[in-house]
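K.L.:
Here it is, the structure in full.
The values are calculated or read from the model by the stated rules, or taken from the named source; none is laboratory data. None of these values were measured; they are calculated from a predicted model. We place every Cβ from the backbone using ideal geometry, glycine too, and count neighbours over all the protein chains shown. The area values use the complete protein model at the heavy-atom level, side chains included, leaving out ligands, DNA and RNA. Shrake-Rupley method; radii C 1.70, N 1.55, O 1.52, S 1.80 Å.
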Amino acid sequence: MAETTAPTVPADHLMGVYARAPLAFERGEGVRLYTTEGEAYLDCMAGIAVTALGHSHPKLVAAVKDQAEKLWHTSNIFRIPNQEKLAALLTAHTFADVCFFTNSGTEAIECAIKTARKYHWAKGHPERIDIIGFDGSFHGRTIAAIFAANNPSYVEGFGPPLPGFVGATFGDLEALKKLVGPTTAAILLEPVQGEGGARSWTEAQLKAIRQLCDETGTLLIYDEIQCGLGRTGKLFAYEWADGAAEPDIMAVAKALGGGFPVGACLATIEAASGMTPGSHGSTYGGNPLAMAVGLASVEELVKPQLLAHVREVAGYLNQQLSGLRDRYPDVVLDIRGKGLLIGVKLATPNREFMQHARDAHLLIAGGGDNCVRLLPPLTLTLDEAREAIERFEQACQAAQAKAKAPAQVGAA
Ligand SMILES: *Cc1c(COP(=O)(O)O)cnc(C)c1O
């Protein structure tokens, strides 16, 4: 506002919304990424839980190539056979009866919110518009999604709070009960928070929230964009509650396309009862190219062996990271999360730690509450997991050395 000097155009001509690491990759294979200089990195962030099957998975590469030579795009005014196949596969493996396909996670959230409001409207309750969300959440970057998550740093400057979004405290069920009222449409949560720092709701809490929703006619929306599709060692994180905490609506994306932009909003036929012809749509969502790769991806992700593998590797990583916490108490404070959505809460700045990890040729993600996240491909082998721990330990050593070094005299 008090800005007087004219802003300079950045050399890359990109809108300055990212603080990028000075690395560019040109090739990937499995859990390895290779820079334009040919240096290899162990990828334990998988493009933020996207490349769940690793880079250049042969089935996904073949699916894209085959489809690219046949047909890329038609329109949702026609039937799209692979869209129907992928919907059949997703609904067969979940609580859901129907799907709407999108190009991103935040669009899947947008569809979930619209579906919930339209449901109550169609039932004769147009006043039920409020979506209750929780602190530490992340639901993407549309205007609705930022106000649903209500993270102060993401909403700042984007205008007045949207009506119809209510903020609740993570984990506080008594407060939540008081917030649910005659204008509540839905409760929206991530069973395991991703960006918030791998915080997990307990199974008992999810069951209690499901019960609260049943008692009050409130719809339950899960955002499993990050924690879903095998990441926690079950196909969906809500399955850990043994069928007692199923949602009415769920947003999925990230691993769904394994790197090709695909998202989906899943719902029961009851919850989707307001979504009639003309009420929603997308030009690209669910197009033939996206569906070919989505189908190939989900066919792999539903395999029980893969889910068992995730649980095994996650167990190993957790045990080893706990060892590092004991050996580097000045660096590592806590290990959290579920399956291969692992959060490590640090005593030293997480951005610096990510640089130490890059120096050790290990790629990890940041996270809220001064965490770093390990989100490796679900196909990470035990040998690769061992290597990840060795590299992570190098980062711990660097962080510890830096924390113990006397403050540099005369440093800028
Ligand atoms: C990544 C993410 C989103 C947003 O997905 P986009 O594809 O970036 O729009 C929403 N919710 C959660 C939990 C996520 O991890």
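K.L.:
Under the Karplus relation 6.51 cos²θ - 1.76 cosθ + 1.60, θ = phi - 60°, what is the ordered set of whole-Hz ³J(HN,Hα) values for region 137-150, x standing for Gly and Pro?
P.N.:
Once θ is set to phi - 60°, the couplings for region 137-150 become 7, 9, 10, x, 10, 5, 4, 5, 5, 5, 6, 5, 8, 6 Hz.
K.L.:
Would you grab the residues whose amide H sits under 5 Å from the one on residue 170? Only those 5+ places off in sequence or on another chain, please, with H modelled 1.01 Å from N.
P.N.:
Counting only residues 5 or more places away or on other chains, the set is 135.
K.L.:
Each residue of region 381-395 in turn: what ³J(HN,Hα) in whole Hz from Karplus with 6.51, -1.76, 1.60 and θ = phi - 60°, glycine and Pro shown as x?
P.N.:
7, 5, 5, 5, 5, 4, 5, 4, 5, 4, 5, 5, 5, 4, 5
K.L.:
Are there cysteines in the chain with no second cysteine's Cβ under 4.7 Å away, and if so, which?
P.N.:
Within the chain, the cysteines lacking a partner Cβ under 4.7 Å are 44, 99, 213, 227, 371, 396.
K.L.:
Could you work out Rg/(2.2 N^0.38 Å) for region 71-301, with Rg from alpha carbons only?
P.N.:
On the way: Rg = 16.6 Å, N = 231, 2.2 N^0.38 = 17.4 Å.
This ratio for region 71-301 stands at 0.95.
K.L.:
Which is farthest toward the positive dipole end of region 1-125 among 122, 24, 92, measuring Cα position about the Cα centre, with Cβ charges +1 (Lys, Arg) and -1 (Asp, Glu)?
P.N.:
Ranked along the dipole, the leading option is 122.
K.L.:
Full extension from residue 383 to residue 18: what is 0.36 nm times the residue separation minus their Cα-Cα distance, to one decimal in nm? The partial results should precede the final answer.
P.N.:
Numbers: separation 365, 0.36 × 365 = 131.40 nm, distance 3.30 nm.
Full extension from residue 383 to residue 18 adds 128.1 nm.
K.L.:
Among 406, 278, 253, which residue has its Cα furthest toward the positive end of the charge dipole of the chain, with +1 on Lys/Arg Cβ and -1 on Asp/Glu Cβ?
P.N.:
278
K.L.:
Report the relative contact order of region 71-301, percent, no decimals, based on alpha-carbon pairs under 8 angstrom and at least 6 residues apart.
P.N.:
Values: 459 pairs, mean separation 71.4, N = 231.
Value for region 71-301: 31 percent.
K.L.:
Right, next: Quick one: if you stick a label point 7 Å off each Cα along the C-beta vector at residue 26 and residue 62, how many nm between them?
P.N.:
About 2.8 nm, to one decimal.
K.L.:
Could you give the accessible area per residue of the chain, probe 1.4 Å, as a whole number in Å²?
P.N.:
Working: 19080 Å² over 412 residues.
The answer is 46 Å² per residue.
K.L.:
Per residue of region 89-101, in order, report the coupling 6.51 cos²θ - 1.76 cosθ + 1.60 (Karplus, θ = phi - 60°) as ³J(HN,Hα) in whole Hz, putting x for Gly and Pro.
P.N.:
Couplings: 5, 5, 6, 5, 9, 9, 5, 7, 10, 9, 10, 10, 9 Hz.
K.L.:
Run the numbers for residue 312 and residue 244: contour at 0.36 nm per residue of separation, minus the present Cα-Cα distance, in nm. If you can, show how the numbers build up before the last one.
P.N.:
Values: separation 68, 0.36 × 68 = 24.48 nm, distance 2.47 nm.
Taking residue 312 through residue 244 to full extension adds about 22.0 nm, to one decimal.
K.L.:
Defining a contact as two alpha carbons under 8 Å apart and six or more residues distant in sequence, what relative contact order in percent does the chain show?
P.N.:
Details: 813 pairs, mean separation 89.5, N = 412.
Result for the chain is 22 percent.
K.L.:
Follow-up. Cut-off 10 angstrom, C-alpha nodes, Gaussian network model of the chain. Which of 220, 382, 53 fluctuates the most?
P.N.:
Of 220, 382, 53, the Gaussian network model singles out 382 as fluctuating most.
K.L.:
What residues have an amide H closer than 5 Å to that of residue 233, excluding those fewer than 5 places away on the same chain, when H is modeled at 1.01 Å from N in the peptide plane?
P.N.:
Amide H neighbours of residue 233: 340.
K.L.:
Measuring from a point 7 Å past the Cα of residue 40 along Cα-to-C-beta, which residues in region 367-408 have an amide N at less than 20 Å?
P.N.:
It comes to 375-395, nothing else.
K.L.:
Per DSSP H run of n ≥ 4, the term is -39500 (n - 2.57); total these for the chain, divide by its residue number, and report the mean residue ellipticity at 222 nm rounded to 500 deg cm²/dmol. Each step should come with its number before you reach the end.
P.N.:
Numbers: 12 runs with 150 residues, N = 412.
Taken over the chain, the calculation gives -11500 deg cm²/dmol.
K.L.:
Here's another thing I want to ask about it. Provide, in order from the shortest bin, the percent of all Cα-Cα pairs of region 206-305 in each 10 Å bin, continuing until the bin that contains the maximum pair distance.
P.N.:
The distribution over region 206-305 is 14, 40, 34, 12, 0, given as percents.
K.L.:
Sticking with this structure for a sec: With every atom except the alpha carbons ignored, what do you get for Rg and Dmax of region 146-205, in angstroms?
P.N.:
12.7, 37
K.L.:
A further question follows. Could you check what % of the DSSP bridge pairs in the chain are antiparallel, to the nearest 5? Write down the numbers at each step before the final one.
P.N.:
On the way: 31 of 48 bridges.
The antiparallel proportion sits near 65 percent.
K.L.:
Starting from the Cα of residue 211, step 7 Å along the direction of its Cβ; do the same at residue 143; then give the gap between the two resulting points in nm.
P.N.:
The answer from the label model is 4.0 nm.
K.L.:
Just grab the label-to-label distance for residue 334 and residue 202, each label 7 Å out from Cα along the Cβ direction, in nm (one decimal).
P.N.:
1.4
K.L.:
Given a 1.4 Å probe and every protein chain left where it sits, what share in percent of the accessible area of the chain is carbon and sulfur?
P.N.:
About 56 percent, which is the carbon plus sulfur part of the accessible surface.
K.L.:
Right, next: List the relative contact order of region 272-412 as a percent without decimals, with contacts defined as Cα pairs under 8 Å and 6+ residues apart. Write out the running numbers ahead of the final one.
P.N.:
Numbers: 146 pairs, mean separation 29.8, N = 141.
Dividing the mean separation by the residue count of region 272-412 yields 21 percent.
K.L.:
Mind listing the long-range amide H neighbours of residue 378? Cut-off is under 5 Å, sequence gap 5 or more, other chains count too, H placed in the peptide plane at 1.01 Å from N.
P.N.:
Excluding prolines and chain starts, which carry no amide H, the hits are 53, 54.
K.L.:
Where both partners of a DSSP beta bridge lie in region 71-301, what percent of those bridges are antiparallel, to the nearest 5? Walk me through the numbers before you get to the answer.
P.N.:
Details: 10 of 25 bridges.
Taking every DSSP beta bridge with both residues in region 71-301, the antiparallel ones total about 40 percent.
K.L.:
Per q in 0.06, 0.10, 0.12 1/Å, what log10 I(q)/I(0) does a Debye calculation on the alpha-carbon atoms of the chain return?
P.N.:
-0.25, -0.71, -1.01
K.L.:
Report the gain in length on full extension from residue 269 to residue 70: 0.36 nm times residue separation, minus Cα-Cα distance, nm rounded to one decimal. Intermediate results must be reported in sequence, preceding the final value.
P.N.:
Values: separation 199, 0.36 × 199 = 71.64 nm, distance 3.28 nm.
Length difference between fully extended and current span is 68.4 nm.
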